Structure formats: structure tokens, C-alpha cells
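A quick write-up on the structure given underneath.
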Amino acid sequence: MLSSYSACICIPSHPATSWLETPFGAIEIHEEFARKLIERFEFEIETPRNFSQDNTIELQLPFIKYFFKDAALVPIGVPPNMESLQIGKAVAAIASELGIRVKIIGSTDLTHYGHNYGFVSHGTGPEAVDWVRNENDQRVIDAMLEMAPEKVIDEALASQNACCAGAASTTIASAKQLGATRAQRVAYATSYDKRPGGSFVGYVGIVFE
């Protein structure tokens, strides 16, 4: 993992080096793929003693291990800028060079709203929840469904409605390069739905195919 803006490249059934334990066994890094990516872009390599705190990518890892038990990963961090989109395209090119199939997973929460997050532009209560659900989150979701990575970045920076817009936009850029032509929203919810309160976070699941 390279920063708090998280995405990962899931490479089924390829030899790699053990990286992290999950409840379903060790998950591994595909070193050849990672090396080729590092040759093309400058990354800050994290270590067990030198890393940024993060609570996005590690939440995905047990699911990856469960559904793709032999998969290797290349976990990366990508900030919300145009260079990140080039990284996404390079991922597709490297996969082609190596002759391997990959799946791209981008992890981001949506709006963090409430006093806990210093964002109370629309007050509190049900009206604020409706605004987050139907307006603020919806704008960035629409950009994702349009498969418009540049628009995702611009919208998130302007409206604070995706905390890791780099991961989402880079995933879209890579998916398009790999041949994806449509996006499907599979779920949307907020933490308010589970535990109503003055501070809450939005979430969406989108599949590109």
C-alpha cells in the first residue's frame, strides 16, 4: 500500500510473495507486476514501520482472499489528479504485456457528513441526510456511472463527496482501457441507515464491465 488513497490490482492464480495474513490465509504481492509499475511511475514504498494510516484497502482483502483464493495483488495508492489516470491505463498495458487477466478494485467512501467530520453545510437531521443521499453523493455517483474519471476527480474536490476519488477515478480509467463499456450500481447506503446519528458516511458499490 502506497498511501491512503487505495486501489488494488487483483491477479488470479499467479506466483507471488506472501504479504499479509487474512482470516482465510495469506495474501500475496505479484512482484513482477509491481516492479513494472514502479519502473514507469514514482511511488513512495511503504513498509511495516513506515506507512500511512488507512482504513479502506484492508477491509477489502478478506473478501478478495475468500472469492479469489489464489489471487496475488498489487496494492497502490493514487491521489486525485490526472497522473493517476495514466497509472490506471498503464495497469492495463502491463497486464497485456505479461499476458495475465486482472481485476481492478477501487475503494472510497462517499460524503463524510456531520460535526465529527467538520462538514455541516446543510444543518442536521433528516433534511441533511436527504441532501447527502439525493444530491451530494448522487453527483459523484452519476460521474462514476458515466465512467468519466476526470469528472469524478473534479466533483469530489469541489463537493467533498468522495474521500479517495483517486482510487475511484483510476479504477474507471483502467477498466475502460481493459474494455469496460458500462457501469452498474449494485448498492447504495449510508451509515445513518444502520445507526442514525448526527454524523454519517455514504457508500456505493459499482461494477464496471
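The values are calculated or read from the model by the stated rules, or taken from the named source; none is laboratory data. Note that the coordinates shown come from a computational prediction; the quantities given were computed from them, not determined experimentally. Here the Cβ positions follow ideal geometry from the backbone for every residue, glycine too, while neighbour counts run over all protein chains shown.
Testing Ala156 on (1) under 11 Å from Thr111 (Cα atoms); (2) among the aliphatic types (A, V, I, L, M); (3) surrounded by fewer than 24 Cβ atoms within 10 Å (Cβ to Cβ), one condition comes back false. Which one is that?
Among (1) under 11 Å from Thr111 (Cα atoms); (2) among the aliphatic types (A, V, I, L, M); (3) surrounded by fewer than 24 Cβ atoms within 10 Å (Cβ to Cβ), the lone unmet condition for Ala156 is (3).
Suppose the filter is surrounded by 12 or more Cβ atoms within 10 Å (Cβ to Cβ), within 21 Å of Leu157 (Cα to Cα) and either without any contact (Cβ under 8 Å) to a residue 12 or more places away in the chain or touching a Leu at 6+ places or on another chain (Cβ under 9 Å) (or both); does Pro80 pass it?
Yes, satisfied.
Check segment 132-144 and report whether any residue there is basic (Lys, Arg) and either without any contact (Cβ under 8 Å) to a residue 40 or more places away in the chain or within 18 Å of Arg35 (Cα to Cα) (or both).
Yes, there is a match, as at least one residue in segment 132-144 is basic (Lys, Arg) and either without any contact (Cβ under 8 Å) to a residue 40 or more places away in the chain or within 18 Å of Arg35 (Cα to Cα) (or both).
Filtering segment 96-130 down to residues that are in contact (Cβ under 8 Å) with a residue 40 or more places away in the chain and assigned to a helix (DSSP H, G or I), which residue is surrounded by the most Cβ atoms within 10 Å (Cβ to Cβ)?
Taking the candidates together, the pick is Val129.
Sort through Ala189, Ala162 and tell me the only one that's among the aliphatic types (A, V, I, L, M) and farther than 29 Å from Ala34 by Cβ.
From the options Ala189, Ala162, the qualifying one is Ala189.
Select, from Thr181, Thr170, the only residue that is out of contact with any Phe, Trp or Tyr (no Cβ under 6 Å at 6 or more places or on another chain), closer than 21 Å to Ala93 by Cα and outside any helix (DSSP H, G or I).
Step by step, each of Thr181, Thr170 is checked, and only Thr181 is out of contact with any Phe, Trp or Tyr (no Cβ under 6 Å at 6 or more places or on another chain), closer than 21 Å to Ala93 by Cα and outside any helix (DSSP H, G or I).
Quickly run through segment 91-116 and pick out the residues that are modelled with pLDDT under 95 and closer than 20 Å to Gln138 by Cβ.
Selection gives Gly106, Ser107, Thr108, Asp109.
With the structure loaded, tell me whether Ile11 is touching a Lys or Arg at 6+ places or on another chain (Cβ under 9 Å), more than 18 Å from Ala168 (Cβ to Cβ) and at pLDDT below 75 or whether it fails that test.
In short, yes.
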